[in-house]
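Chemist: Would you mind keeping the following structure in view while I ask a few things?
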Amino acid sequence: MNSFFNLRILANGEITKSNTTKKETVVYIQDETPYSILLENNSNTITDVFLKIDGKKMGTYRLIPNEKYELNRPICRKKELIFLKKKEEYKKNGLFTVNNKELGIIEAEFKTGVINIKNKEVCKKKVFRPENEGYIPEYMNIYKKTLPYDYVMDEEPNMEKQNINKFCTPKIGSVPIYKDDIIENNNKDSSNGFTVYGDEIDNKFKTFHQLLYDGNSTNIKLLLQCKKSYQKL
């Protein structure tokens, strides 16, 4: 794993236990547990992080040099992330696809670059950053369809125009599950669990122009596995 960048999973405010081998890093998490994603940039360069969960794109996020922050929801939904163990009843209800080999995988690609000023094609592409992390002009070019970058966007983009499904509400235990919010793909999987959306949360994001990338990138994957209960680390 590249020491400059890191990807971790938090549950109940704590970093979850993991086991790393030459093949993969497995993260253990309790069934029906909300979780968040910790992105870390320990380098002296700006980076955009392309995030995927269970094979589905979850947005791109700006990290400034020597910074880390927690994502407890993706840009595409105002809902927390919950990990569930695969069960026959969930399969019958269409909550996951059996042959999805990307179920349980959290993937982050860290791409370094410089602030884009002139490339209009790159200017059309957006990245995001939690609003509470603040605005630092030298590392950020706030999104506007045309230059210059002196415009502040105070509202999130309208995600309703991006083919987002409406909710239906079967419930599993005390956790609300939204069938149309399932994160899925169509390949064989190796995890014993999958991610769904849970309760609504209202953390906001700022929107920026994508960096002009320098061709360097670091890809990190974590495999989430359900365990029966938490154990002392």
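Chemist: Can you give me the distance in nm between label points at residue 17 and residue 219, each placed 7 Å from the Cα along the Cα-to-Cβ direction?
Modeler: Simple spin-label model gives 3.0 nm for this pair.
Chemist: Here is a further query. At R0 = 45 Å, how high is the FRET efficiency between residue 93 and residue 138 if r is their beta carbon distance? Nearest 0.05 is fine.
Modeler: Rounded to the nearest 0.05, the efficiency is 0.35.
Chemist: Give me the one-decimal nm value for the distance between modelled label points at residue 204 and residue 78, 7 Å along each residue's Cα-to-Cβ direction.
Modeler: Label at residue 204, label at residue 78, 1.1 nm between them.
Chemist: What FRET efficiency would be calculated for the residue pair residue 190, residue 56, taking the C-beta separation as r and a Förster radius of 22 Å, to the nearest 0.05?
Modeler: 0.85
Chemist: Still on this structure: Among the listed pairs 126/227; 78/124; 17/86; 22/204, which are separated by more than 26 Å between their Cα atoms?
Modeler: 126/227; 22/204, as the Cα separations exceed 26 Å there.
Every number in this text was worked out from the coordinates using simple rules, so none of it is lab data. Just so we're clear, the structure is a prediction, and the values are computed from it rather than from any experiment. As a convention, Cβ positions derive from the backbone with ideal geometry for all residues, glycine included, and neighbour counts pool all protein chains shown.
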